[in-house]
Every structure is written in structure tokens, then in C-alpha cells.
Amino acid sequence: MTRRNSANRIKRNRNYTVIDISETLGVHPKTVRNWIRVGLPVVDKKRPLLINGADLKVHFKHKRKAIMFDCDEHEMCCFRCKQPMKPSIESVLFIAKPAGMAHMKGVCEECGCRMNKYVSWRNVNDIWLELKGKLPIAEKHIILRGQNLLNCPFGGVFSDEK
Ligand SMILES: [Zn+2]
């Protein structure tokens, strides 16, 4: 059975532990932890880590396309341009997700298509600099949603905005 088919065995409305996913998909638990490290969202920071089935499906979809386009950290996959593209800096938004992750949103600077990816908070400053942004990142580009972030690099970020 191909990995693509086995992903269909994941149910959207269920939460999975790392071991559940490992057994369902026939991959090593380390592989699953690696997916989390590179952006698969987890439900919360409690142990055992739980992954939502719908997130897992989305992650597979992005992963296939990300591999196809081979994006750099600051690039995002534009499905209209069909290649890694830079988002226009004004459009970029980093939304806090649990476990030190951020959902990065942006609009393709060429075609205006919406793009999404998951990144680590610890890489957000670097991504912003690659996009020719100036630090600290302005508040309008960040949505923290009250989350107590791991690895959050934004300790003093908002001081000049208030
Ligand atoms: Zn585009």
C-alpha cells in the first residue's frame, strides 16, 4: 500500500498519538516526531502529544506539494505559479500554533494567490529578514492568540508599537 493510500485511513474527526500514527501509517515514531518538528500541528502541549486527523491530512497535502516545489524557508508554494514563490511582505502573517509552531500566511508577490505553510517560531525572525523585513516584526504581522509559546523569539517585539 502506498503512503498516499494509507493516509486515507486517518480520520478527520479523531485525535492521534504519535504511536497511533506510526502504527496506522507504518512509519517510525521518529518520523512522526520529525513531522511535528517541521510543522505538523499538535492539539496542545500536554503529553502524550495528540495530533488532529484533519491536521495530519492537511500536513500530507502540503508536504507532497512542498517536496514537489522544494521551498526555501522563506518561500511558500504558490499553486498558481506552480513553484516556490516569495510572499509580498505586507501580506505575511504569522499565527501562533501550539508546540512552538507558527502558521505562516501570505499572498504570492507575482500572482496574488494565497499561500500557507507551517514554520517554527524560532525561524520566524530569519524568515522575516530573508523577506527583507526589518526587525522587530510589527504587531500586525503576528497573531499570538494568547498562547504561551515555546521558543517564542518576540519578548520585546511590541514595545515600539504601543
Ligand atoms: Zn503565484
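The values are calculated or read from the model by the stated rules, or taken from the named source; none is laboratory data. Computed from a prediction, not measured in an experiment: that's the story for all the values here. All Cβ positions, even for glycine, are placed from backbone atoms using ideal geometry, and neighbour counts span all protein chains on display. Only protein heavy atoms, including side chains, enter the accessible area calculation; ligands, DNA and RNA are left aside. Shrake-Rupley method; radii C 1.70, N 1.55, O 1.52, S 1.80 Å.
Reported count of residues in the stretch 66-84, each being within 14 Å of the ligand (Cβ to nearest atom) and either open to solvent by less than 30 Å² (accessible area, probe 1.4 Å) or among the small types (G, A, S) (or both), is 4.
The number of residues in the stretch 104-119 that are out of contact with any Cys (no Cβ under 8 Å at 6 or more places or on another chain), open to solvent by 30 Å² or more (accessible area, probe 1.4 Å) and not basic (K, R) comes to 4. Checking each residue in the stretch 12-35 for being over 19 Å from the mean Cα position of the chain (by Cα) and aliphatic (A, V, I, L, M) picks out I19, L25, V27. Of everything in the stretch 85-114 that is assigned to a strand (DSSP E or B) and away from the ligand (no atom under 16 Å from the Cβ), the residue that is farthest from V38 (Cα to Cα) is L93.
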